[in-house]
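The values are calculated or read from the model by the stated rules, or taken from the named source; none is laboratory data. Everything quoted here is computed from the prediction, not taken from an experiment. Glycine also receives a Cβ, built like all others from the backbone with ideal geometry; neighbour counts cover every protein chain displayed.
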Amino acid sequence: MRFAGKTVVIVGAGSGLGAAITEGFSLEGARLVLIDRDKTALERQAIRFAGSGIICGDAAESATVEQTLDISGPVDILIHTAGIDPLSATDVPGTSLEDWQSIISVNLTSAFLFARGVLPAMIARQSGCLLFTGSIAGLKPTPREAAYAVSKAGVIQLARAIALDHARQGIRANVLCPGFLESVMLDRKRVMSESDLSKRSQAAAAIVPLAREGRYEEMSALALALCDDSVSGYITGQPIVADGGLMLA
């Protein structure tokens, strides 16, 4: 098993891509510490992945990071998948200050806080890997998602800064940048009807060159590869695009 003996912290582990990545690392023998603000989702994960550390809290709060580190000890791999993209946040004039601050807090500030929390021990041990979930929106803005695009561009630059500053200390940092995935993020899913979700899938199939949405299992396999030094040990500071060719269209 590739990650036996490794401590892996996964932020946003309760659902969606975070849950899929959690399963992937579990199957590869990692010791898991799972963070999410959705208590019900975390309780499900605790049943599925017995023995994992479970932290229910706001990832954008320093107290949540401190609680995580108390349980985890030195972290070998940090996976940050926490993110929101509320439908109420559109272009700049159409985005409230409340939505702007919430998106930046969840998507970017929480990534910074967890990186700041795990890096000192990684530096001391001269090894470590950080993988953030970005989006192609952080590379090429999508219409009427100004705050989300800015937050994901920030995540990409955060990873690049970490990669540059700490490469000589044996630390790698990269960003997984998906396009359309098989489901929307939980905050959107809660307010979208089944018809809305179906129309989204059809729209994705029409505009993505590979004619389908990405699957969580594909993203999970890619995340594991990016954290495996034997496979990706020479890759750092990179936004890895997995979008079915959408940015080519």
Scan region 116-152 residue by residue and report those that are surrounded by fewer than 21 Cβ atoms within 10 Å (Cβ to Cβ) and under 26 Å from residue 66 (Cα atoms). 116, 117, 119, 120, 121, 123, 124, 125, 126, 127
Show the residue pairs meeting these rules: Cβ distance below 7 Å; 6+ apart or different chains; first residue within region 62-88 and under 15 Å from residue 128 (Cα atoms); second residue among the charged types (D, E, K, R) and surrounded by 17 or more Cβ atoms within 10 Å (Cβ to Cβ). 76/6; 77/6
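Just to check your reading of the model, which residue among 13, 4 is in a loop (DSSP other than H, G, I, E, B), within 24 Å of residue 127 (Cβ to Cβ) and either modelled with pLDDT under 95 or in contact with a strand residue (DSSP E or B) (Cβ under 7 Å, 6 or more places away or on another chain) (or both)? Write out each step before concluding.
Values: 4 fails: either modelled with pLDDT under 95 or in contact with a strand residue (DSSP E or B) (Cβ under 7 Å, 6 or more places away or on another chain) (or both).
Answer to the selection: 13.
Please go through region 122-155 and give me each residue that is in a helix (DSSP H, G or I) and under 18 Å from the mean Cα position of the chain (by Cα), ordered by number.
From region 122-155, those in a helix (DSSP H, G or I) are 122-125, 136-138, 146-155; that's our starting set.
Result: 136, 137, 138, 147, 148, 149, 150, 151, 152, 153, 154, 155.
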Given 43, 66, which one is in contact with a helix residue (DSSP H, G or I) (Cβ under 9 Å, 6 or more places away or on another chain), assigned to a helix (DSSP H, G or I) and either surrounded by fewer than 19 Cβ atoms within 10 Å (Cβ to Cβ) or modelled with pLDDT under 95 (or both)? 66
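Going through 203, 167 one at a time, which residue ends up being surrounded by fewer than 19 Cβ atoms within 10 Å (Cβ to Cβ), farther than 20 Å from residue 13 by Cα and at pLDDT below 95? Show your work before the answer.
Numbers: 167 fails: at pLDDT below 95.
Result: 203 is the single residue among 203, 167 that is surrounded by fewer than 19 Cβ atoms within 10 Å (Cβ to Cβ), farther than 20 Å from residue 13 by Cα and at pLDDT below 95.
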Taking region 69-89 and keeping residues buried (at least 20 other Cβ atoms within 10 Å of the Cβ) and either over 28 Å from residue 193 (Cα atoms) or of a type in the set (D, E, K, R) (or both) leaves 72, 75, 76, 77, 78, 79, 85
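Hand me the list of helices (runs of 4 or more DSSP H) wholly inside region 191-249 holding 3 or more residues that are in contact with a Leu (Cβ under 6 Å, 6 or more places away or on another chain) and of a type outside the set (D, E, K, R). Spell out how you get there, then give the answer.
On the way: elements: 194-207, 216-227, 229-232.
Output list reads 216-227.
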Take the conditions part of a strand (DSSP E or B) and either under 19 Å from the mean Cα position of the chain (by Cα) or buried (at least 19 other Cβ atoms within 10 Å of the Cβ) (or both) and apply them to residue 54. Does it pass? yes
Selection within region 70-83 - in contact with a helix residue (DSSP H, G or I) (Cβ under 7 Å, 6 or more places away or on another chain) and either small (Gly, Ala, Ser) or over 23 Å from residue 226 (Cα atoms) (or both): 82, 83
